[in-house]
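The values are calculated or read from the model by the stated rules, or taken from the named source; none is laboratory data. Since this is a predicted model, take the numbers as computed values, not measurements. Glycine also receives a Cβ, built like all others from the backbone with ideal geometry; neighbour counts cover every protein chain displayed. Just the protein is used for accessible areas: all its heavy atoms, side chains included, with ligands, DNA and RNA removed. Shrake-Rupley method; radii C 1.70, N 1.55, O 1.52, S 1.80 Å.
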Amino acid sequence: MKRAFMKSYLMKIILLIVLIYFGFVKTGAQDSSLVKGFINPHNEARPRAYWNWLNGDVTLSGITRDLEEAKDKGLGGLQIWDTEAMRNPHGFVPAGPSFLGEESVKAILHAMKEAERLDLELGLICASGWNSGGAWVTPEMASKNLFYSGIVVSGPGHIRQKLPFPDVPSYCPKGPDGLPAWYLDVVVLAWPDSDAKMIPDLSEIINISDKFKDGELVWEIPPGKWQVVRFVCSNNGQQLIAASPSSKGFFIDFLDPEATRFHFEYIFKQLGLEKGVDNNTPLKTLDDDSMELNDGIQWSTNFQKWFQKYHGYNPVNWLPVFLGWEIKNKDLTDRFQYDYKKTVSELLIYSHYTTGSKVCEEYGVQLVAEAGGPGPPFWESCPVDALKALGNVHIPRGEFWLGNPRNLFLIKEIASATHIYGKKYVDAESWTTWRRWRDGPFTLKILVDRAFCEGLNRVTYHGYSNSPVELGYPGRSYHAGLDMNPRITWWSKAMPFMDYLARCCFMLQQGHYVADVAYYYSDQAPNFWPYYHNVPEKPQINGLGSGYEYDVVNTDVILNRMTVKDGRIVLPDGMSYRLLVLPDKKDIPLEVLRKLEKMVSEGASIIGSKPSEVPGLLDFENQTGILREIADKMWGECNGSTIKVNKYGKGRTIWGYTPEQWLKKEAVGPDFQCKNPKFNSSFNFIHRETEFSHIYFIGNKTLNAVDAECLFRIKNSVPQLWDPSDGSVSKQFVYRTETGGITMPVSLPPGGSVFVVFNKSNKPSGLLSVTVEKINSTDDLPVQQVLSKNGKSTILECWQNGKYILTNRNGKQKQVVVDKISTPVKIDGEWNVEFDPDWGAPEKVVFHELISWTEHDSNGIKYYSGKGVYKKKISVPDYMPGDGPGIYLDLGGVGEVAEVYINGKSAGIVWKPPFRTDITKLVKSGENDLKVEVFNLWINRLTGDANLPENERFTKTNIRSDGSTPKVPAEPWKVKPSGLFGPVRLLFSRKVEVKY
């Protein structure tokens, strides 16, 4: 805790210096708060984690320890998740108490008390395992499907016969008579039999429910051969997924709002929370995992009534469709299927997400939910309009995986829902994976940077398993997910990485997302973006390049939230778009086209082919005629080839241009682009706008350094560079205004990232360019930086000798020759390296050269995991320290995290390229003590232990291999390069004043 206090104190000093330097104290409260929040973000931006209480087995002291460690390393909160230890050899994790039983509640309340003491926020997964449900869920409230059984009879004739009860899943709760404990006979239908499974007309389907009583059918059969089918709604028996051993139970009925209310209120009552009272606890959220329903015909007690409310006709006579029968023709059959799927989506969203959010509000918490899939090929049975489902919870959550060969990366859809429904947070279950124990913070950074560029602004990583100290290392772990908790090797050095995540999230929570295009992803259920989920790269829409941004919108948002102002499509929370793009489909709901007609007449621009059909069954022929009349007016003579634009009212309907072609035709260039063709595909970006600033986050998605000119579509603003890795804020003095925006040099290391912030109120100043003709060039040195410009004086920091040419804003050039910078000094020779002998390595060893631990002859070092301490004397010439040149220590390569000490004082933690730190103020003339603490990952010791008898192993854990599925085989473990690789060098810079 002392360390946390010192960090807070130092942050306040740094903040004061930055505020004074940039004059934010005088220029406005909003900018001042932006700087404060960036340097030391508060809890709302700090990462959270799934806090796995495996098998429900936790202790109060272990809960306290976990929370204190989370606070100390910069997390904003934890999300309690009682769940099964699904990989649990030899009962490594014992079974604990039942979820929300007396002991469980005591533990949760203790966590709440401790979180309040530590100023941490808590979430609670609303079941043991997932999804919603528990042992308290009765059959009346449990998940249901529609089941059927049938017979074939011939007439004319009389029948008195028991109709067979449909087969139901084995987990369906049964009564003493062997039948389901709860069921509802929905209907008994009869229709003429046909080998082709065709029913010529709906009128040929007879509802004979009134002839059926107490399981027996009494009926006068008409002439012919007849199908007779009994349809029954009953429990499908779906169990909670991965519930702890003492906490098994049923899913609730997600199509019944009373089931959701019953379940959520049970949780709150068990915890002693009261409705309508300011509970004022650190429990801020209930959290719902992804919707993974069993296959089957979705149905519920009142489904028939809801269907009739939504679509105006009774669905029961259409039920033969579910048996593979076609009614009248394929078109009508498909229209019923559309209506049915829309009803399932609407009813599930209302019953669970809308109702759940309302119940949570009554108890003073918010609902977080992975409500948007993913859809196929992952979950074929998530039946919702994803955007609307996400829009009906307080905090939408997605997920992205590490090392998933099927590219599960569900962020863009979640971000769109947050933007179009006026939410603040784009949350994600982060770095879920089958890979275990072998990914360090730099690997995680590359992945999360992509997520940031797709809109992520709140990290909830998966996971942070509770593991008792006495069990050893790496301890307990959930069967899937990243391990980042106090039992990992580099936990003591985790704060800088957590700060990086927090600063990125803070900045990306500010203002509004900037996008040119709203893309309507059609009206269907289920619906996802992308529909078929395989996204190895940031997803784009067809015809829109990577320099433009977009949101996906749905029917609900078009009908209820979109308006037009000054030619832009606007939403009530501040989002706006230049263009609405329609899907390449012939059908669109009539009410949507009517709204689009209004919007275009008021000045909107839409792009897409002319629709010709309405979906759905009720009155579709009449509605199609009306739709075609409206479409003919809106599109006019526009045919997509010879005529591509039709002016309609104040707006335009466009057909035949791609979105990018149209934007460029309107002189709207990319929002961001790299002007160097060599690096065109190297960048990802996202842009947000506040009242005072434009905020760009740009990331190098490659493992090579990039140094290029980049264009930002901004005018009359001055750029600044905000570095989320250390909280530094610096003015960007070199840039120029040109057609399309502001161009400036961008230099990023492998996997690097930076915020470029344009302050709207600042007037252009600085230089147009700085170029250098290098002497004895070294390509891997940092590029020159302009540190300040004051009047006719400019201060450069240069890293290598050469002729520097500065061009001011009037085009005047000034040259300066720099020739006194020392060349880099490679630190060769022996290193004394210390290991922890308790983990199998020798306590002390001499490395005659820097190599990976995995290349060492000693198996104790090859398979070592933990901290290695490198020590060496380094000599600095007399003239170097003090006010002269800057001196930096460059470690070269590191596997995975290091902290540098000079003469016993820390020079900082390095966890990503370049593994470099400023040691100018720590070195002294002559001899200096250099110490580098290096931490690798558990994979090496675990790999070595796999070859040892169990009683000789150093590690203790329930996870000793990668996870796997039938489609994703486990990857064999092998040691990972570890330690200090070098080359270790002293780098020198010099500050040079240039006067005009």
In the range 619-648, anything open to solvent by less than 70 Å² (accessible area, probe 1.4 Å) and of a type outside the set (A, V, I, L, M, F, W, C) is listed as GLN623, THR624, GLY625, GLY636, ASN639, GLY640, LYS644, ASN646, TYR648
All-but-one check, GLY398 against (1) in a helix (DSSP H, G or I); (2) in contact with a helix residue (DSSP H, G or I) (Cβ under 6 Å, 6 or more places away or on another chain), failing number (1)
Going through the range 417-445 in order, the residues found to be among the hydrophobic types (A, V, I, L, M, F, W, C), farther than 30 Å from VAL570 by Cα and part of a helix (DSSP H, G or I) are PHE442, LEU444
Filtering the range 35-66 down to residues that are assigned to a loop (DSSP other than H, G, I, E, B), in contact with a Phe, Trp or Tyr (Cβ under 7 Å, 6 or more places away or on another chain) and within 24 Å of PHE506 (Cβ to Cβ) yields PRO41, ALA45, PRO47
The number of residues in the range 473-530 that are closer than 24 Å to LEU408 by Cα, in contact with a Pro (Cβ under 9 Å, 6 or more places away or on another chain), open to solvent by 10 Å² or more (accessible area, probe 1.4 Å) and among the aliphatic types (A, V, I, L, M) is 1
**Request:** Determine whether LEU987 is buried (at least 18 other Cβ atoms within 10 Å of the Cβ), over 27 Å from the mean Cα position of the chain (by Cα) and in contact (Cβ under 8 Å) with a residue 12 or more places away in the chain.
**Result:** yes
If we ask which residues in the range 246-262 are in a helix (DSSP H, G or I) and buried (at least 24 other Cβ atoms within 10 Å of the Cβ), their number turns out to be 2
Of those in the range 358-374 that are open to solvent by less than 10 Å² (accessible area, probe 1.4 Å) and in a helix (DSSP H, G or I), the residue farthest from LYS284 (Cα to Cα) is VAL359
May I ask you to verify whether LYS921 is open to solvent by 20 Å² or more (accessible area, probe 1.4 Å) and within 32 Å of the chain's Cα centre (by Cα)? no
When the range 733-746 is checked residue by residue, the ones that are touching a residue at least 40 places away in the same chain (Cβ under 8 Å) and either among the acidic types (Asp, Glu) or crowded, with 19+ Cβ neighbours inside 10 Å (or both) are PHE733, VAL734, GLY741, THR743, VAL746
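Conditions (1) free of Cβ contacts under 8 Å to residues at least 60 places away in the same chain; (2) open to solvent by less than 10 Å² (accessible area, probe 1.4 Å), marked per residue:
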{"site": "HIS311", "(1), (2)": "no, no"}
{"site": "LEU319", "(1), (2)": "no, yes"}
{"site": "PHE322", "(1), (2)": "no, no"}
{"site": "THR343", "(1), (2)": "yes, yes"}
{"site": "LEU347", "(1), (2)": "no, yes"}
{"site": "SER351", "(1), (2)": "no, yes"}
Picking from ALA243, ALA190, the residue that is over 27 Å from SER381 (Cβ atoms), surrounded by 21 or more Cβ atoms within 10 Å (Cβ to Cβ) and not β-branched (Val, Ile, Thr) would be ALA190
The residue from GLY56, GLY96, GLY76 that alone is closer than 20 Å to TRP491 by Cα, of a type in the set (Gly, Ala, Ser) and open to solvent by less than 30 Å² (accessible area, probe 1.4 Å) is GLY76
Query - Flag for VAL152 being open to solvent by 50 Å² or more (accessible area, probe 1.4 Å), within 22 Å of LEU323 (Cα to Cα) and of a type in the set (A, V, I, L, M) - result: yes
Taking the range 501-538 and keeping residues out of contact with any His (no Cβ under 8 Å at 6 or more places or on another chain), under 21 Å from ALA389 (Cα atoms) and at pLDDT 95 or above leaves ALA518, TYR519, TYR520, TYR521, SER522, ASP523, GLN524, ALA525, PRO526, ASN527, PHE528, TRP529
Filter the range 193-218 for residues that are out of contact with any Phe, Trp or Tyr (no Cβ under 9 Å at 6 or more places or on another chain) and acidic (Asp, Glu); the one that is surrounded by the most Cβ atoms within 10 Å (Cβ to Cβ) is GLU216
Restricting attention to the range 407-438, the residues that are open to solvent by 10 Å² or more (accessible area, probe 1.4 Å) and closer than 30 Å to GLY944 by Cα number exactly 4
When the range 173-230 is checked residue by residue, the ones that are in a loop (DSSP other than H, G, I, E, B), within 30 Å of TRP136 (Cα to Cα) and among the hydrophobic types (A, V, I, L, M, F, W, C) are LEU179, ALA181, TRP182
Checked GLU102, GLU121, GLU116 against criteria (open to solvent by 50 Å² or more (accessible area, probe 1.4 Å) and without any contact (Cβ under 8 Å) to a residue 40 or more places away in the chain); the one match is GLU102
Considering residues that are over 26 Å from ASN542 (Cβ atoms), among the charged types (D, E, K, R) and either assigned to a loop (DSSP other than H, G, I, E, B) or touching a residue at least 12 places away in the same chain (Cβ under 8 Å) (or both), the number found within the range 599-652 is 4
Sole miss for PHE99 among (1) at pLDDT 95 or above; (2) under 24 Å from TYR500 (Cα atoms) is condition (2)
Only one of (1) over 30 Å from the mean Cα position of the chain (by Cα); (2) part of a loop (DSSP other than H, G, I, E, B); (3) not aliphatic (A, V, I, L, M) does not apply to PRO156, and that is (2)
The one condition ASP523 fails out of (1) in contact with a strand residue (DSSP E or B) (Cβ under 9 Å, 6 or more places away or on another chain); (2) under 30 Å from GLY74 (Cβ atoms); (3) not aliphatic (A, V, I, L, M) is (2)
Per the list (1) surrounded by fewer than 21 Cβ atoms within 10 Å (Cβ to Cβ); (2) of a type in the set (A, V, I, L, M); (3) closer than 18 Å to THR433 by Cβ, residue check on LEU937 breaks on (1)
query = Is it true that some residue in the range 756-770 is open to solvent by 50 Å² or more (accessible area, probe 1.4 Å) and more than 39 Å from the chain's Cα centre (by Cα)?
reply = no
Here the residues within the range 967-996 that are closer than 30 Å to ASN832 by Cβ and not hydrophobic (A, V, I, L, M, F, W, C) are LYS974, LYS976, PRO977, SER978, GLY979, GLY982, PRO983, ARG985, SER989
So the strands (runs of 3 or more DSSP E) completely within the range 541-586 holding 2 or more residues that are under 25 Å from the mean Cα position of the chain (by Cα) and of a type outside the set (A, V, I, L, M, F, W, C) are 550-553
Taking the range 281-304 and keeping residues in a loop (DSSP other than H, G, I, E, B) and open to solvent by 20 Å² or more (accessible area, probe 1.4 Å) leaves THR281, GLU292, ASN294, ASP295, GLY296, THR301, ASN302
